[in-house]
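Here the structure comes first, spelled out in structure tokens, and everything after it is commentary.
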Amino acid sequence: METLVLVNLFHELALKGENRPFFLRKAKAHVREALKGTAARLEAEWPMALLFRLPQEAWPEAKERLKDTLGVEGFARVLRTPPDLKALEAALEETLARERFGSFRITAKRSDKAFPLTSPEIERLLGAFVKEKTGAKVQLKGPEREFVVRILPQAALLEVERHPGPGGLPPGVSGKVVALLSGGIDSPVAAYRLMRRGAEVVLVHFHPFPLLSGQSREKAKAIAERLARFQHRITLHLVPFSEVQRQIILEAPKAYRVVLYRRYMLRIAEAIAKEEGALALATGDSLGQVASQTLENLHVVNQAATLPVFRPLIGFDKVEIKAEAERIGTYAISILPDEECCTLFAPKHPVTRAQLSVALETESRLDTERLIALALEGREVVRYTWPGQKPLPRPQEEVPIMGHGPLDG
């Protein structure tokens, strides 16, 4: 047996004016890619919806994939009937035999204006039919069960099982951003928030290997593989940072170590952004969450970059971030133990109101150009694709070393 699945695109896509065809084309391609390998076949499409036919045994997998497909407002398993009331009643009766509920409503959406009944008339007649068959009461607000009926020019569709999608915009319609990926809870959520707004996200993870074990690299790979589910293709740059840290430790006031670590991370990430054609950087900072995220410290860190630095979580608290991480499936990975760069040799009492003059004076004693080049030369670049493929390593010789823009020192 086969199943029909109706995919509704996020309503925001309808507001794009003259650019709407571009956004819809991207969204539909993203949905088709999400269903790759399920034997789904496109049956019909409308400006804001797609109808697929797939084997019944593929429905559970397709359902899980569509729940993570950006640009999808919702989707439903549907029954298709001829466009007449008796056929819809027969389909409803088949569905009612498997369900129990105390209240319900019928929602009719009539695309075919030639159909002899209006939407309210369809709702009233089918509602009376369901009430007679089940004894349940009609409840327009907050019913236990809602049946959605769509009247099309040559068919009718009855939704028998509906699920919400994540909404948002399809990947790549809003340009490219390089996101710094730590081993914590926050940065994967920040990357996801940007993906949801249509940005193609490239990940950069700074690790202390070989100074410490490779735990943080493996953790970053696991997070990247999970995030690939939303974007379908994602690149992860794994950057060794121990030599940069060693030089900072030798020259910097102890309280300024973390601020200086972060300034150099932004410089290196900006060099990667120029390679990737990205127009902004992103971090998982939340204002005031830790010492390095005070407004004064964020200001000093920002001065190391010439590209905009996005902070999607700046107004989120930890409870909100944790809930989002659990929802997108990164939390369980993020709480695994590892050894992060920013906690390595971190001072007991870090500065909370850093001064730019102190950071610049310290950096004047460091060979910034050499440290950036050294970090870039030692990196590993991995690309992930989803669904159904393992990470694809990219040969190191294919990764050019480019300039990192003007320094502020």
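The values are calculated or read from the model by the stated rules, or taken from the named source; none is laboratory data. Small disclaimer: the values here were computed from a predicted structure and weren't measured. Virtual Cβ from ideal backbone geometry, glycine too; neighbours counted across all protein chains shown. Accessible surface is based on the protein model in full, side chains and every heavy atom, while ligands, DNA and RNA are left aside. Shrake-Rupley method; radii C 1.70, N 1.55, O 1.52, S 1.80 Å.
Among beta bridges identified by DSSP and lying wholly in the chain, the antiparallel ones come to about 60 percent.
The figure for Arg105 is an accessible area of roughly 60 square angstrom, using a 1.4 Å probe on the protein chains alone.
Here the mean projected area of the convex hull built on the C-alpha positions of segment 2-164 is 9.9 nm². Rounded to the nearest 10 Å², what accessible area does His163 show when all protein chains are kept and the probe is 1.4 Å? For His163, solvent-accessible area is about 30 Å². In the complete set of protein chains, residue-level accessible area for Lys113 is approximately 140 Å², probe 1.4 angstrom.
Accessible area per residue of segment 176-385 at 1.4 Å probe, in Å²?
Per residue, segment 176-385 has 39 Å² of solvent-accessible surface.
Hey, for a label at Leu125 modelled as a point 7 Å past Cα toward Cβ, could you say which residues of segment 91-109 have their backbone N under 11 Å away? Hits in segment 91-109 for Leu125 at 11 Å: none. Database remark: amide H of Arg110 closer than 5 angstrom to the amide H of Ile151 (H placed geometrically; neighbours at sequence offset of 5 or more, or on other chains; Pro and chain starts carry no H). Grouping the Cα pair distances of segment 176-385 into 10 Å bins from zero gives a pair-distance distribution of 9, 37, 40, 13, 1 percent in increasing distance order. Carbon and sulfur: what percent of segment 2-164's accessible surface (1.4 Å probe)? Carbon and sulfur: 51 percent of the exposed surface of segment 2-164. If the chain linking Leu279 and Arg100 were pulled fully straight, counting 0.36 nm for each residue of separation and taking away their Cα-Cα distance, it would gain 59.1 nm. Largest first, the residues Trp46, Trp386 sort by 1.4 Å accessible area into Trp46, Trp386.
The length gained on full extension between Glu251 and Asp112, counted as 0.36 nm times the residue separation minus their Cα-Cα distance, comes to 42.7 nm. In this rough spin-label picture, where each label sits 7 Å from Cα along the Cβ direction, the Thr352-Leu374 distance is 3.3 nm.
Each Lys and Arg contributes +1 and each Asp and Glu -1, all at the Cβ; summed about the Cα centre of the chain, the dipole is approximately 780 debye. Comparing Pro170, Pro387, Pro116 in a Gaussian network model of the chain where C-alpha atoms under 10 Å apart are linked, the largest mean-square fluctuation is found at Pro116. Separation of segment 34-111 and segment 130-207 by C-alpha centroid, Å? So the separation of the two Cα centres works out to 15 Å.
Within the accessible surface of segment 176-385, defined with a 1.4 Å probe on protein heavy atoms only, the carbon and sulfur portion equals 55 percent. Computed over protein heavy atoms with a 1.4 Å probe, the accessible surface of segment 2-164 works out to 51 Å² per residue.
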